[in-house]
Every structure is written in C-alpha cells, then in structure tokens.
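The values are calculated or read from the model by the stated rules, or taken from the named source; none is laboratory data. Predicted model, so just to flag it, every value in this text is computed and none were measured. Here the Cβ positions follow ideal geometry from the backbone for every residue, glycine too, while neighbour counts run over all protein chains shown. Accessible surface is based on the protein model in full, side chains and every heavy atom, while ligands, DNA and RNA are left aside. Shrake-Rupley method; radii C 1.70, N 1.55, O 1.52, S 1.80 Å.
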Protein chains: 2
Amino acid sequence: MSRMAAKDRRQELIAAAFRVMVRDGVVKTTTRAVVNEAKMPLGIFHYCFNSREELLQEVITRITDSGVAKARNVFEGEGDLGARIARSLYAFWEGVELSPGEHQVGYELTHYALRQEGFEDLARRQYEHYLEVHEQLLAEAAESAGIKWTVPLPVLARYLNAVLDGVTLCWLADRNSENTREVLSLTGEHLMSLAAKDA
Amino acid sequence: MSRMAAKDRRQELIAAAFRVMVRDGVVKTTTRAVVNEAKMPLGIFHYCFNSREELLQEVITRITDSGVAKARNVFEGEGDLGARIARSLYAFWEGVELSPGEHQVGYELTHYALRQEGFEDLARRQYEHYLEVHEQLLAEAAESAGIKWTVPLPVLARYLNAVLDGVTLCWLADRNSENTREVLSLTGEHLMSLAAKDA
DNA sequence: CGGCGTCTTGGACGATCGACCAACTGTGAT
DNA sequence: ATCACAGTTGGTCGATCGTCCAAGACGCCG
C-alpha cells in the first residue's frame with residue numbers, strides 16, 4: 001500500500017464506512033468491512049482511529065453537515081412564496097428518491113447514537129442542526145416574500161422537519177411515491193396558509 | 001426450572017425480549033440476554049425458536065398489533081370533530097411520553113426489518129397497518145361529525161402518520177415537549193380545516 | 001550515510017455471538 | 001411398571017467481532 005498521511009487515510013476510511021453503511025447498514029459496518037471497502041489492511045484501522053465508535057462519530061457529524069449543506073440550496077431561487085415552497089419540497093423529495101440509502105443511514109445512526117452511552121448528545125445536536133436550518137430557511141423565505149409566519153418559527157420548523165422525516169420513513173417501508181408527493185403538496189399549501197402579509 | 005409447555009415459554013420469551021429491547025435496544029437483544037431476562041437456561045431458546053430472527057419477527061408482529069390496538073381507543077368518545085381530534089392527538093402523545101422506549105424500539109425494528117433479507121415485507125406490512133388504522137379512524141371521525149374530508153383519505157392518513165412519526169423521532173432526540181405539543185396542536189387545526197360539511 | 005519518526009502489515013488475542021447436541025428428567029398413556 | 005414423548009440442561013462448536021502488537025518499510029533531516 002502506497003504511503004499516505006494518517007489524516008488523509010482517515011478521510012478515505014470515513015468515506016468507505018459511509019458506502020458500507022448505505023449498502024449493508026450501520027450494524028454490519030464492521031472494522032473489517034470498512035478496511036475491505038477501502039482496500040486497506042486491517043491493521044491500518046486502529047492506527048487512524050482509536051475505536052470503531054470514533055469512526056461512527058465522524059460519520060455522524062459528516063452526515064449532519066452534508067445534510068445541512070444540501071438543504072441550504074433548497075430554498076434558493078426566484079418566485080413567490082408558493083413557488084419557492086413547492087420547489088423546496090420537491091427538491092427535498094427528489095433527494096430522497098435519488099438516494100434512499102443515505103437517508104436510511106441517517107435514521108440508523110440517530111438510533112445508534114441514542115443507544116450508545118455518551119452519544120445521546122450527538123443525536124440531539126443532529127436534530128438541533130436540522131431544526132436550526134429549517135428555521136433559517138423559513139425565515140429567509142418569509143423575508144424574501146414580504147410575509148410573516150403566524151406560527152412561532154421554532155414550532156413551524158419542527159413541524160416541517162416532522163413531516164419530512166415522517167414521509168421519508170413511511171416511504172422507506174412502502175415506497176408509495178404518489179401518495180407521498182400528495183402529502184408534501186398538502187403540506188406546502190398548509191405552510192402558505194400560515195403566512196400573513198407583513199405589517 | 002419448572003416444566004412448561006413450549007408454547008407458553010415462547011410467549012414469556014417474547015415478552016422478555018421486548019423488555020430487553022426497551023432497556024438495551026434491538027442490537028443488544030441477544031439470545032443470552034433474552035433467556036437471562038426470562039431467567040431461563042440458554043438451551044431453552046432454540047427449543048422454542050428456530051432462530052433469533054424468528055423471535056424478532058414475533059416481536060415485530062406483536063408490536064404492530066399492540067400499536068394498532070392502542071390507536072383504536074384513541075378516537076373513541078364524544079364531542080365535535082375538533083374536540084375529538086385534539087383528544088386523539090393528546091392521547092397519542094401521552095403514550096409517547098409515558099413509554100418512549102417502546103416507540104423507539106418500534107423504529108429500531110423497522111430499520112432492522114428493512115435491512116434483513118426477506119424481512120422487508122414485515123416493515124411494509126407494519127406501515128400498511130398503521131396507515132389503514134389511521135384511515136379508518138379518520139373515516140369514522142368524519143362520519144360521526146357529519147363531514148367529508150376534502151383530501152383523499154389515503155393521503156390524509158399518510159400525512160397524519162408522517163407528522164406523528166416525525167415529531168416522535170425528533171422528540172426522542174431533543175426531548176422538547178413544549179414545541180412538540182404545539183406542532184400537534186397546529187396539525188389538529190390543519191386537519192379541521194380539511195373538513196367540509198357533508199352534502 | 002545513519003538515525004528517527006511516521007506509516008504499514010499480518011497475525012493474534014479474548015470476548016461474544018447464534019446455533020447445536022447428547023444426556024437427563026418428568027409425565028401421561030398403556 | 002413400562003414406554004414414548006415433551007421438556008430441560010449445561011456445555012461446546014465455529015464464526016465474527018473490536019482491539020492490540022511487534023516487526024518491518026519508507027522517507028526526511030542532519
């Protein structure tokens with residue numbers, strides 16, 4: 001194996017671990033499966049990571065940040081509030097249908113963190129981030145459209161987050177795309193009904 | 001160990017497995033942990049079950065049915081549509097806060113089933129049941145209140161299921177009860193706005 | 001050139017897991 | 001009492017896991 005800095009190898013292992021998770025699930029993401037995916041000898045692993053938990057922790061934070069980055073592009077663009085909302089929900093859903101495994105892994109990691117002693121904070125921070133981003137995007141959309149939300153922003157963000165998580169989870173099980181899109185459309189209309197002209 | 005029919009022992013092991021899951025999570029629900037919880041020798045296990053998977057399968061179906069049975073009581077009672085909806089959502093949420101672990105296990109089992117070869121159907125049927133029950137309850141509520149839903153029932157049921165799953169998942173991570181209740185209240189008002197007087 | 005720190009490697013260890021089995025015990029029917 | 005069958009038991013097997021280590025290889029600096 002060609003020589004490589006431990007830092008770089010860490011990144012490659014994190015990426016390999018994520019691929020294994022998407023393919024086989026978090027539980028089956030063993031140290032051996034990861035180094036095998038990265039085509040590295042087993043001994044490398046504990047030279048780059050103190051433990052398997054440390055690797056999973058890194059994957060969780062990476063997932064969280066990348067999820068946030070993706071969402072950030074979602075509310076971009078022109079149009080009135082209705083068009084922006086509809087486009088955002090559509091973009092989110094396109095992301096789910098395009099790579100369901102990644103979202104599935106996200107949930108698996110959340111439940112893993114909730115069970116792991118001392119990792120509960122990681123799950124908490126994960127959703128803290130999501131809610132914060134949703135809050136920010138809803139605020140920007142309101143400002144850009146010259147409206148005010150008639151519901152407290154933290155509640156609205158949690159509502160939006162809940163619907164997105166909920167439809168994704170249900171779709172992962174039954175793959176009913178048609179009804180899911182209608183639920184998102186319904187949610188979009190509901191959001192618009194919660195906007196009032198700014199004073 | 002006192003003599004007992006294999007059938008009865010099966011039930012006790014299923015119950016013990018569920019307790020272990022709630023306490024330690026699905027992943028740590030090993031055959032040894034289960035028989036230890038049930039205070040039985042290890043050898044009993046494979047006399048009552050062909051495999052660990054068979055036990056988990058039984059727990060999943062039990063969870064699904066009990067969840068359905070619980071939901072069935074939720075829409076009972078008197079009052080107009082608004083009161084009934086509010087009471088139902090409150091009852092659901094009371095159930096979550098009262099025993100969060102059971103709901104957490106439900107999600108863990110769903111993800112377990114989605115990953116297990118040949119168990120995908122179990123997850124699909126699980127959500128099929130949930131949607132069917134929500135659909136039925138929404139239909140009964142409409143009939144009893146003399147209204148019609150302005151949204152197709154399957155879509156409305158999926159929407160309701162999504163919100164409930166979503167807020168539960170988020171709450172399991174951040175335990176913000178106050179905002180969660182407001183989201184449910186918001187959802188209740190939304191549902192009412194989707195009701196029209198029957199012709 | 002020589003040494004030193006970084007990286008590489010294959011193998012090994014103890015723990016834990018699902019699964020299995022042979023021997024034993026109790027019970028009810030004959 | 002005897003026999004057949006259902007239930008019980010403790011031990012053990014092979015596989016897989018996370019982790020660790022000693023020895024070697026590489027590359028940079030003096």
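Within segment B:169-183, track down each residue that is more than 7 Å from every other protein chain (Cβ to nearest Cβ) and either outside any helix (DSSP H, G or I) or closer than 14 Å to A:VAL167 by Cβ (or both). Scanning segment B:169-183 gives B:ARG175, B:ASN176. Residue count for segment B:102-124 satisfying the condition of being touching a residue at least 60 places away in the same chain (Cβ under 8 Å), more than 9 Å from chain A (Cβ to nearest Cβ) and assigned to a helix (DSSP H, G or I): 5. Among the residues of segment A:1-27, those identified as within 13 Å of chain B (Cβ to nearest Cβ) and either within 13 Å of DNA strand C (Cβ to nearest atom) or touching a residue at least 24 places away in the same chain (Cβ under 8 Å) (or both) are A:MET21, A:VAL22, A:ARG23, A:GLY25, A:VAL26, A:VAL27. When segment A:23-46 is limited to residues that are more than 9 Å from DNA strand D (Cβ to nearest atom) and buried (at least 18 other Cβ atoms within 10 Å of the Cβ), the one that is farthest from the chain's Cα centre (by Cα) turns out to be A:MET40. What pairs come out if I take residues in segment B:48-68 that are closer than 18 Å to B:VAL27 by Cα and open to solvent by 60 Å² or more (accessible area, probe 1.4 Å) and pair them with residues that are away from DNA strand C (no atom under 16 Å from the Cβ) and of a type in the set (A, V, I, L, M) whose C-beta lies under 7 Å away, six or more apart or interchain? Final answer for the pair search is B:GLN57/B:LEU122. Listed by position, the helices (runs of 4 or more DSSP H) inside segment A:2-48 whose residues that are outside the structural domain of A:VAL105 (by TED's automatic domain parsing) and of a type in the set (Gly, Ala, Ser) number at least 2 are A:6-24.
Residues that are surrounded by 17 or more Cβ atoms within 10 Å (Cβ to Cβ) and of a type in the set (Gly, Ala, Ser) within segment A:92-123 comprise A:GLY95, A:GLY106, A:ALA113, A:ALA123, listed in sequence order. Just one of A:LEU186, A:LEU191, A:LEU153, A:LEU137 is within 18 Å of the chain's Cα centre (by Cα) and surrounded by 15 or more Cβ atoms within 10 Å (Cβ to Cβ); which is it? Of A:LEU186, A:LEU191, A:LEU153, A:LEU137, the one residue that is within 18 Å of the chain's Cα centre (by Cα) and surrounded by 15 or more Cβ atoms within 10 Å (Cβ to Cβ) is A:LEU137.
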